[in-house]
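**Student:** What follows is a structure written as structure tokens; I'll ask about it next.
The values are calculated or read from the model by the stated rules, or taken from the named source; none is laboratory data. Given the structure is predicted, the values throughout are model-derived calculations rather than measurements. Glycine gets a Cβ as well: all are built from the backbone with ideal geometry, and neighbour counts include every protein chain shown. Side chains are part of the model used for accessible areas, which takes the heavy atoms of the whole protein and leaves out ligands, DNA and RNA. Shrake-Rupley method; radii C 1.70, N 1.55, O 1.52, S 1.80 Å.
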Amino acid sequence: MKRFKITRRTALSTLGVGMLSAVGVPGMAQQGPYPNRPIKIIVPWAAGGGGDVVVRLMVPSLSQRLGQPIIVDNRPGATGTIGSLAAARSPADGYTLVYGAADSHSIAPHLLKQAPYDSKKDFVAVAPIGFPPLGLVVSASHAAKNFEQFLQMAKRAKEPFTFGSWGQGSSGHITMEALKQVAKVDLLHVPYNGTAPLAQAQLAGQVDCSINTLPVVEQHIRAGTLRLLAITAKERLPQFVDIPVMKEMGISIDMGPWLGFLAPAGTPDNILLRLNAAIEATLREPAIVEQMKKMIMIIDYMDQRTYQTFYNAEFDRWGQYIRTAKVTLD
């Protein structure tokens with residue numbers, strides 16, 4: 001039998017490895033219950049935007065439930081892909097999450113010839129937040145008094161009606177492309193740089209109609225300067241009980257763009273379940289429910305596995321609309 005001679009050097013080397021294992025080194029798994037240090041949420045949009053506001057609204061309660069500080073890291077740019085890529089490259093240990101949206105994870109990868117990440121392979125779904133319903137609006141002077149009249153007029157028009165969105169390849173743009181395909185109507189896209197400029201363009205009569213977030217156009221609807229024709233939601237909203245959802249009119253578009261939390265692929269199941277439970281409990285708090293209602297945000301609750309199935313299906317659904325419409329950003 002071969003014998004190994006233990007020297008002072010090998011003894012010290014073995015001791016050193018043991019010490020490193022005990023204290024941990026960068027890249028090695030942390031010991032102890034999760035979480036035992038601060039958690040970072042990357043928001044791939046500018047501070048002060050809708051998504052940033054939602055995340056910061058949730059942070060105090062979520063931090064208390066998880067027992068650790070939560071840091072919001074804004075990394076805007078490129079339709080949310082810059083911050084999302086940073087999240088995808090982070091360790092899959094539950095200490096880095098990303099605020100995901102349809103724009104950044106269901107739409108952008110289909111629009112780019114060289115997508116920076118694979119939404120299905122590089123991320124795992126953690127928990128949903130909900131859906132911001134979108135509204136199809138026209139000027140108050142428009143001849144169409146309701147959604148059905150609008151579609152009929154658009155189909156009979158010699159020239160395509162123009163519609164505005166808050167950007168080429170935005171969820172608003174693709175929602176209208178889906179409407180064109182489902183309702184079999186021809187509409188011409190006019191992109192604007194943001195929801196506020198879009199609302200001003202609609203007020204100025206620069207487009208025949210526009211698709212916008214409801215909080216942006218609500219004041220103009222209440223003032224009677226814009227007319228709300230239809231909403232992308234599963235059922236009528238208490239804020240607009242007289243306005244039909246598209247589904248009522250036979251248009252199978254029953255939700256706005258989804259919002260939720262994702263993590264790098266490979267994050268352990270037990271951590272995903274812990275995060276999902278904490279996020280859902282936060283979203284059920286009466287104060288947060290009330291704030292979300294004021295923001296016209298439809299909260300959704302799903303367990304982690306259900307949300308993963310939904311997330312994958314949404315990637316496919318939006319991708320089909322994009323391929324049919326042949327929309328690109330390159």
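**Student:** From (1) out of contact with any Gly (no Cβ under 8 Å at 6 or more places or on another chain); (2) within 30 Å of Gln68 (Cα to Cα); (3) open to solvent by 10 Å² or more (accessible area, probe 1.4 Å), pick out the condition that doesn't hold for Thr282.
**Tutor:** (3)
**Student:** Limited to the range 250-272, what total is found for residues that are surrounded by fewer than 16 Cβ atoms within 10 Å (Cβ to Cβ) and either among the polar types (S, T, N, Q) or over 29 Å from Val98 (Cβ atoms) (or both)?
**Tutor:** The total comes to 3.
**Student:** What is the number of the single condition among (1) touching a Lys or Arg at 6+ places or on another chain (Cβ under 6 Å); (2) open to solvent by less than 30 Å² (accessible area, probe 1.4 Å) that Ala140 does not meet?
**Tutor:** (2)
**Student:** Here's a follow-up. Go through the range 313-327 and give me each residue that's under 13 Å from Leu111 (Cβ atoms) and assigned to a helix (DSSP H, G or I).
**Tutor:** Residues of the range 313-327 under 13 Å from Leu111 (Cβ atoms): 315, 318-319, 321-323, 325-327.
Once the filter is applied, which keeps residues that are under 13 Å from Leu111 (Cβ atoms) and assigned to a helix (DSSP H, G or I), the range 313-327 yields Phe315, Trp318, Gly319, Tyr321, Ile322, Arg323, Ala325.
**Student:** Another question, then. Could you check the range 282-310 and list, in sequence order, the residues that are in contact (Cβ under 8 Å) with a residue 60 or more places away in the chain and over 24 Å from Leu237 (Cα atoms)?
**Tutor:** Narrowing the range 282-310 to residues in contact (Cβ under 8 Å) with a residue 60 or more places away in the chain: 282-283, 285, 288, 291-292, 295-302, 304, 307-308, 310.
Within the range 282-310, Gln304, Gln308 qualify.
**Student:** Quick check: anything in the range 283-297 in a helix (DSSP H, G or I), in contact with a Phe, Trp or Tyr (Cβ under 8 Å, 6 or more places away or on another chain) and closer than 23 Å to Asp103 by Cα? First the steps, then the outcome.
**Tutor:** Our first condition is that a residue be in a helix (DSSP H, G or I); within the range 283-297, this holds for 283, 286-294.
Next, from what is left, pick out any that are in contact with a Phe, Trp or Tyr (Cβ under 8 Å, 6 or more places away or on another chain): 283.
With the extra rule that they be closer than 23 Å to Asp103 by Cα, the set shrinks to 283.
Yes, there is a match, as at least one residue in the range 283-297 is in a helix (DSSP H, G or I), in contact with a Phe, Trp or Tyr (Cβ under 8 Å, 6 or more places away or on another chain) and closer than 23 Å to Asp103 by Cα.
**Student:** Give all pairs with beta carbons closer than 9 Å in which a residue from the range 172-190 that is acidic (Asp, Glu) meets a residue that is open to solvent by 10 Å² or more (accessible area, probe 1.4 Å) and assigned to a helix (DSSP H, G or I); count only pairs at least 6 apart in sequence or on separate chains.
**Tutor:** From residues that are acidic (Asp, Glu), the pairs are Glu177/Tyr321; Glu177/Thr324; Glu177/Ala325; Asp186/Lys155; Asp186/Lys180.
**Student:** Just checking, which of Thr195, Thr232, Thr225 is surrounded by fewer than 20 Cβ atoms within 10 Å (Cβ to Cβ), among the hydroxyl-bearing types (Ser, Thr, Tyr) and more than 30 Å from Pro69 (Cβ to Cβ)?
**Tutor:** Working: Thr195 fails: surrounded by fewer than 20 Cβ atoms within 10 Å (Cβ to Cβ); Thr232 fails: surrounded by fewer than 20 Cβ atoms within 10 Å (Cβ to Cβ).
Step by step, each of Thr195, Thr232, Thr225 is checked, and only Thr225 is surrounded by fewer than 20 Cβ atoms within 10 Å (Cβ to Cβ), among the hydroxyl-bearing types (Ser, Thr, Tyr) and more than 30 Å from Pro69 (Cβ to Cβ).
**Student:** Quick check on my filter: what residues within the range 64-84 are open to solvent by less than 40 Å² (accessible area, probe 1.4 Å) and assigned to a helix (DSSP H, G or I)?
**Tutor:** We begin by selecting, within the range 64-84, every residue open to solvent by less than 40 Å² (accessible area, probe 1.4 Å); these are 66, 68, 70, 72-73, 77, 80-81, 83-84.
Result: Leu66, Gly80, Thr81, Gly83, Ser84.
**Student:** Of the numbered conditions (1) surrounded by fewer than 16 Cβ atoms within 10 Å (Cβ to Cβ); (2) at pLDDT 95 or above, Ala115 fails exactly one; give the number of that condition.
**Tutor:** Every condition holds for Ala115 apart from (2).
**Student:** Moving on to the next point. With a cut-off of at least 3 residues that are over 28 Å from the mean Cα position of the chain (by Cα), name the strands (runs of 3 or more DSSP E) lying wholly within the range 117-171. Step through it out loud before you land on a result.
**Tutor:** Values: elements: 123-131, 134-139, 161-165.
The strands (runs of 3 or more DSSP E) meeting that bar number zero.
**Student:** Moving to a separate point now. Assuming Gly260 fulfils every condition listed in (1) assigned to a helix (DSSP H, G or I); (2) within 21 Å of His105 (Cα to Cα); (3) among the small types (Gly, Ala, Ser) apart from one, which condition is it?
**Tutor:** (1)
Yes or no, residue by residue, for (1) among the β-branched types (Val, Ile, Thr); (2) at pLDDT 50 or above; (3) over 23 Å from His173 (Cβ atoms); (4) part of a helix (DSSP H, G or I):
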| site | (1), (2), (3), (4) |
| --- | --- |
| Phe4 | no, no, yes, no |
| Ser13 | no, no, yes, yes |
| Arg37 | no, yes, yes, no |
| Ile41 | yes, yes, yes, no |
| Trp45 | no, yes, no, no |
| Val54 | yes, yes, no, yes |
| Val59 | yes, yes, yes, yes |
| Leu62 | no, yes, yes, yes |
| Asp103 | no, yes, no, yes |
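**Student:** Could I ask something else about it? Would you please name the residue that is farthest from Glu290 (Cα to Cα), looking only at residues in the range 39-75 that are in contact (Cβ under 8 Å) with a residue 60 or more places away in the chain and touching an Asp or Glu at 6+ places or on another chain (Cβ under 8 Å)? First the steps, then the outcome.
**Tutor:** Here is the first cut: in the range 39-75, the residues in contact (Cβ under 8 Å) with a residue 60 or more places away in the chain are 41, 44, 50-51, 53-54, 57-58, 61-62, 65-66.
Now restrict to residues that are touching an Asp or Glu at 6+ places or on another chain (Cβ under 8 Å): 41, 61.
Details: Ile41: 23, Ser61: 15 Å.
Filtering the range 39-75 for residues that are in contact (Cβ under 8 Å) with a residue 60 or more places away in the chain and touching an Asp or Glu at 6+ places or on another chain (Cβ under 8 Å), the one farthest from Glu290 (Cα to Cα) comes out as Ile41.
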